Amino acid sequence: MTTKYITLRMGKGLSFLADKKAIVVTTCLFLLACFVMVLSTGMGEIKISPLEVIYSILGKGTEEHALVVQTLRLPRVLTAFLAGACLAVAGAILQGMIRNPLASPDIIGITGGAAVGAVGFMIYLSGSLSIHWLPLAAMTGAGVISFLIYLLSWNKGVTPVRLVLIGIGVATAMGAITKMMLLSASIYSASQAYVWLTGSVYGSTWDHVRLMIPWTVIFLPLAYIYARKINIQALGDEIATSVGSTVQRERFILLAISVILAGAAVSVAGAIGFVGLIAPHLSRKLVGPSFGNLLPVSLLLGGVIVVVADLIGRTAFSPSDIPAGVFTSGIGAPFFIYLLFRNRNRYL
């Protein structure tokens, strides 16, 4: 009799079940992600074969290729992948926690808070403070607005429906505040802020990669550890409480993880839209709703989506460099409308 699970033993009596299909899908997506990143690194005005890209990464290529790969393109590709991965995992957490397929960081206001913080910094403080403080401003904006959403949603606890409705309202308000700041700014500051709002990894350096790594190394594994909590909460608050889950505390921790991941991504790549909406849905089609399987697949798909969007933006319209957010929004907006139509009897 065959089974869809295999037992992985870690020693010292520690073991867990792993879904065979999820392992195969995750492995294939990992290989696809590696291929896409190598391909993207080699594409541009100076075309470099995938094999030469690998040689350059390993320090065995020519000086010209090493300059193009290691200094100009590889940091941009890695930044795009890490940003997409963080947004996708943040979106998967929100969809599971809120139990609503329409939830994502940009729709419920987290990205809007980061946008207000970043645009306010670029317009009012960039002349007096170093641009290196921009990520902190974006993450602070995301954190403050998320706390506000959580506070406004609290009424003897936070329910998923109330959280998403308050979040949509706050997101709309943040969009209005951002537009007011853009209208009051100089042409140079407004154009700079507008490119950031569109979502672009143009000009990314190893400093951006180093900025992302601590957040991804700490909070992506933490999100995976808390995947079991999301599975329990998906059964409903009453059932989750009856099996010993501290729903409100876990919901707050999950929201904090989502905010930090989304804030880290937005701080370096701008307001890239709809990745946190699309990637979890595609992942659910591939491996099902269990978050132990869903989060790794979402991570890889989110990274691939942003890398491919950036590759199209900087090669298909050369010499123009179109922000990656243009293409993710071009796909994501119709996808969001489709989800609204499909779930119109359930959520509307």
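Structure data summary
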| read-out | value |
| --- | --- |
| Options Phe341, Phe335, Phe274: the member that is within 27 Å of Trp133 (Cα to Cα) and open to solvent by 20 Å² or more (accessible area, probe 1.4 Å) | Phe274 |
| Search result, residues across region 35-62 that are open to solvent by less than 50 Å² (accessible area, probe 1.4 Å) and not β-branched (Val, Ile, Thr) | Met37, Ser40, Gly42, Gly44, Ser56, Gly61 |
| Sole residue being within 11 Å of the chain's Cα centre (by Cα) and either modelled with pLDDT under 90 or assigned to a helix (DSSP H, G or I) (or both), chosen from Pro105, Pro101, Pro75 | Pro105 |
| Which numbered condition Val217 fails, given (1) open to solvent by less than 40 Å² (accessible area, probe 1.4 Å); (2) under 30 Å from Thr41 (Cα atoms); (3) without any contact (Cβ under 8 Å) to a residue 24 or more places away in the chain | (1) |
| Test: Val201 is modelled with pLDDT of 90 or more and surrounded by 15 or more Cβ atoms within 10 Å (Cβ to Cβ) | no |
| Subset of region 103-136 that is open to solvent by 20 Å² or more (accessible area, probe 1.4 Å) and of a type in the set (A, V, I, L, M, F, W, C) - its residue that is nearest to Ile272 (Cα to Cα) | Ile107 |
| Asp310, sole failed condition from (1) open to solvent by 30 Å² or more (accessible area, probe 1.4 Å); (2) touching a residue at least 60 places away in the same chain (Cβ under 8 Å) | (1) |
| Counted residues, region 229-248 - those being within 27 Å of Ala88 (Cβ to Cβ) and loosely packed, with under 13 Cβ neighbours inside 10 Å | 1 |
| Among the residues listed as Leu152, Leu165, the single one being out of contact with any helix residue (DSSP H, G or I) (no Cβ under 6 Å at 6 or more places or on another chain) and in a helix (DSSP H, G or I) | Leu165 |
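Condition check ((1) modelled with pLDDT under 85; (2) touching a strand residue (DSSP E or B) at 6+ places or on another chain (Cβ under 6 Å)) across all residues:
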| residue | (1), (2) |
| --- | --- |
| Ile253 | no, no |
| Ser258 | no, no |
| Ile278 | no, no |
| Val287 | no, no |
| Asn293 | no, yes |
| Ile322 | no, no |
| Ala333 | yes, no |
| Phe336 | yes, no |
| Leu340 | yes, no |
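The values are calculated or read from the model by the stated rules, or taken from the named source; none is laboratory data. All figures in this text were calculated on a predicted structure; none of them were measured in a lab. Neighbour counts are summed over all protein chains in view; Cβ atoms, including those assigned to glycine, are modelled from backbone coordinates with ideal geometry. Heavy atoms of the whole protein, side chains included, go into the accessibility calculation; ligands, DNA and RNA do not. Shrake-Rupley method; radii C 1.70, N 1.55, O 1.52, S 1.80 Å.
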